[in-house]
Amino acid sequence: LAEPPRRADLKAVLHLVRDDRGADAHRALASDATLERAFRRAGATNFTRCCDWAQTSGADAIRAVAAADVIVGMHGAAMTHLLWAKKGAVAVELFSGMLLELRHYNGLWFFARYAPRHYGRIFLPVRGRQRRSELNDTQADRVARCARPSC
């Protein structure tokens, strides 16, 4: 694959939100404020969240993904919408530490392989099955860096 777009070109970040509770709480972020700060430090001018799946149409989700330079989300957060990502978009898939068995899984690499997009994946620390995943500043900065080179 060609090199991902320059960081200066990655201005619009979309966080595909997953809102799980109970046994799957680990597959959602407790807060994305740290993630937003990291992307803003990296030069992003727009950080949006999508989608409240009970109220968002598929067309609205597709439009949000198509407008983004960077799409970031937890594994299972409707990342298949990447099919509608624009050429040169970057996707970063976050995995809960409870899903370490998927470390040999290539994730959504096929989007990058068969379309002009770039893909990276990051595993977060283990926090327990019924606790939401968290990002500290160092981890969030790594996610933002992952949007530039392959990771």
Packing-ranked peptide list from 23-34, 74-85, 55-66, highest mean Cβ count within 10 angstrom first, is 74-85, 23-34, 55-66
Accessible-area order for VAL17, VAL92, largest to smallest, probe 1.4 angstrom, reads VAL17, VAL92
Per the charge dipole of region 9-49 (beta-carbon charges, Lys/Arg positive, Asp/Glu negative, Cα centre), the residue among HIS15, ALA42, ALA25 reaching farthest to the positive end is ALA42
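The values are calculated or read from the model by the stated rules, or taken from the named source; none is laboratory data. Note that the structure is a prediction, hence the values are computed from the model and not measured. Positions of Cβ are backbone-derived with ideal geometry, glycine not excepted, and every protein chain shown enters the neighbour counts. SASA here: full protein model, heavy atoms, side chains in, ligands and nucleic acids out. Shrake-Rupley method; radii C 1.70, N 1.55, O 1.52, S 1.80 Å.
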